[in-house]
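Read through the structure below, which is laid out as structure tokens, and then see the notes.
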Ligand SMILES: Cc1cc2nc3c(=O)[nH]c(=O)nc-3n(C[C@H](O)[C@H](O)[C@H](O)COP(=O)(O)OP(=O)(O)OC[C@H]3O[C@@H](n4cnc5c(N)ncnc54)[C@H](O)[C@@H]3O)c2cc1C
């Protein structure tokens, strides 16, 4: 069939790969000039089923309210007059019970683990390079109490197939020798040996190049503005460069998905949650990290790729603006200077901000829409690099009329 993928972020690119693999004739449309030019541009790159907790938890309301008067770097929440924001927040609030948090985390981790298998298969089949690093990720805790609580909380992930080990500070230093000189700052870490990291943008761009060699067509610099429909089918996707017809359309527009889906009668609960990123060169430096991780005290994530390190932090509810100021990066830089003082050239860092397409539940929106030939694959939130490969395979299976290999409870749009 002729398939049109809307969006060339990591979700659109992986969807194009899976549809191509199934033998469809695939075209990808994006308004940017190349793949992964928006949210997928500079994420932390953690492939982290071992960190797949739902953000909506019993602790979340208190943390959100505290962020209103405390100048927190990890979570920032500003009053807004946007009705969509309040609808999203109300629904998020409803997910903050122990039962919903456990259910959403279970659904997320199952998708993440499945996605890891699909990802390994894709890399083996295509040989796409992405500066990946296996060998696990470290989730670092400063106090014994926090480490103990985190170990107890992680049982939901181990019960769903993640290997998670509790390490004391000596074991942390052995696992990543770059942390040896600061090991006394930590009580220990949770170590997920099967988690990994890699550059999402590099993967998307190399995969885009590989797909072009296989005949997939990319139409960059093309903005989708609407749809033409007849009955319950889309007859054409309307863009600023003309009409595109297709048998199958998959909508992968990240934080802009609700805007286009609204024209088809859908109210997708996706809202942007801003995050900040630093990329710094590591070449010629002493003691860069050998694997990625998260400092759970400041919620700063880091991952070494090739000759550079990526560092990210902050969940900020401030609408669709993706601007940034020097002070937005202060906690990230001070955390990195403490952990890896000479691990990278922090003075030569470049700065970025991006918008996570979050649903209140933390699970993506997949599957059929009110139009019989349009499918959703969107709303991967803070885990789009991790979830994209599995979500793409699920989407291709649904398009083919096959039963996906994981359950999709709670992930289907209301039709
Ligand atoms: C700071 C930060 C750190 C993160 N860290 C991690 C991590 O460590 N691990 C992880 O798994 N995930 C992480 N994420 C999440 C991950 O980056 C996102 O979930 C993922 O990039 C979303 O991909 P996407 O393809 O849905 O969206 P996007 O990458 O935004 O792609 C959507 C595409 O649609 C295009 N588009 C939109 N509207 C139109 C239109 N009208 N016409 C044409 N094109 C259009 C855009 O140009 C864009 O290219 C992080 C995110 C942030 C911000």
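Of all residues in the range 1-28, those satisfying the criterion of being closer than 14 Å to residue 387 by Cα and in contact with a strand residue (DSSP E or B) (Cβ under 8 Å, 6 or more places away or on another chain) are 11, 12, 13, 15. Can you name every residue in the range 298-343 that is in contact with a helix residue (DSSP H, G or I) (Cβ under 7 Å, 6 or more places away or on another chain) and either within 21 Å of residue 133 (Cα to Cα) or free of Cβ contacts under 8 Å to residues at least 24 places away in the same chain (or both)? Scanning the range 298-343 gives 300, 302, 311, 313, 336, 337, 339, 340, 343. Of all residues assigned to the range 285-296, at least one qualifies as being buried (at least 18 other Cβ atoms within 10 Å of the Cβ), within 30 Å of residue 191 (Cβ to Cβ) and within 10 Å of the ligand (Cβ to nearest atom). Check the range 226-237 and report whether any residue there is within 15 Å of the ligand (Cβ to nearest atom) and in contact with a helix residue (DSSP H, G or I) (Cβ under 7 Å, 6 or more places away or on another chain). No, every residue in the range 226-237 fails to be within 15 Å of the ligand (Cβ to nearest atom) and in contact with a helix residue (DSSP H, G or I) (Cβ under 7 Å, 6 or more places away or on another chain).
Put simply, of 175, 166 the only residue that is at pLDDT 95 or above and either over 22 Å from residue 307 (Cα atoms) or exposed (fewer than 15 other Cβ atoms within 10 Å of the Cβ) (or both) is 166.
Are any of the residues in the range 377-385 in contact (Cβ under 8 Å) with a residue 24 or more places away in the chain, away from the ligand (no atom under 14 Å from the Cβ) and touching a strand residue (DSSP E or B) at 6+ places or on another chain (Cβ under 8 Å)? There is no residue in the range 377-385 that is in contact (Cβ under 8 Å) with a residue 24 or more places away in the chain, away from the ligand (no atom under 14 Å from the Cβ) and touching a strand residue (DSSP E or B) at 6+ places or on another chain (Cβ under 8 Å). Of the conditions (1) in a strand (DSSP E or B); (2) under 18 Å from the mean Cα position of the chain (by Cα), residue 320 fails just one. Which one is it? Tallying (1) in a strand (DSSP E or B); (2) under 18 Å from the mean Cα position of the chain (by Cα), residue 320 fails exactly one: (1).
Only residues that are touching a helix residue (DSSP H, G or I) at 6+ places or on another chain (Cβ under 9 Å) and in a helix (DSSP H, G or I) were counted in the range 36-83, giving 9.
Inspect the range 209-231 for any residue being surrounded by 15 or more Cβ atoms within 10 Å (Cβ to Cβ), under 28 Å from the mean Cα position of the chain (by Cα) and farther than 30 Å from residue 266 by Cβ and give the result as yes or no. Walk me through it before giving the result.
Our first condition is that a residue be surrounded by 15 or more Cβ atoms within 10 Å (Cβ to Cβ); within the range 209-231, this holds for 210-211, 216, 218-220, 222, 224, 227, 229.
If we keep only those that are under 28 Å from the mean Cα position of the chain (by Cα) too, we end up with 210-211, 216, 218-220, 222, 224, 227.
Keeping just the survivors that are farther than 30 Å from residue 266 by Cβ gives 210.
There is at least one residue in the range 209-231 that is surrounded by 15 or more Cβ atoms within 10 Å (Cβ to Cβ), under 28 Å from the mean Cα position of the chain (by Cα) and farther than 30 Å from residue 266 by Cβ.
The condition of being within 16 Å of the ligand (Cβ to nearest atom) and at pLDDT 95 or above holds for only one of 110, 87, that being 110.
Applying the selection to the range 329-342, what residues are in contact with a strand residue (DSSP E or B) (Cβ under 9 Å, 6 or more places away or on another chain) and at pLDDT below 95? Across the range 329-342, the qualifying residue is only 331. Scanning the range 5-27 finds no residues that are more than 9 Å from the ligand (Cβ to nearest atom), closer than 23 Å to residue 157 by Cβ and at pLDDT 95 or above. Hey, any hits in the range 346-362 for a residue that's free of Cβ contacts under 8 Å to residues at least 24 places away in the same chain, surrounded by fewer than 24 Cβ atoms within 10 Å (Cβ to Cβ) and within 30 Å of residue 283 (Cβ to Cβ)? The answer is yes; a qualifying residue exists.
Applying the criterion of at least 3 residues that are closer than 22 Å to residue 42 by Cα and in contact with a helix residue (DSSP H, G or I) (Cβ under 9 Å, 6 or more places away or on another chain) to the strands (runs of 3 or more DSSP E) found wholly in the range 101-203 leaves 137-141.
The values are calculated or read from the model by the stated rules, or taken from the named source; none is laboratory data. From a predicted model like this one, the values you see are computed outputs, not experimental measurements. When we count neighbours, we look across all protein chains shown, and the Cβ atoms used for this are built from the backbone with ideal geometry, even at glycine.
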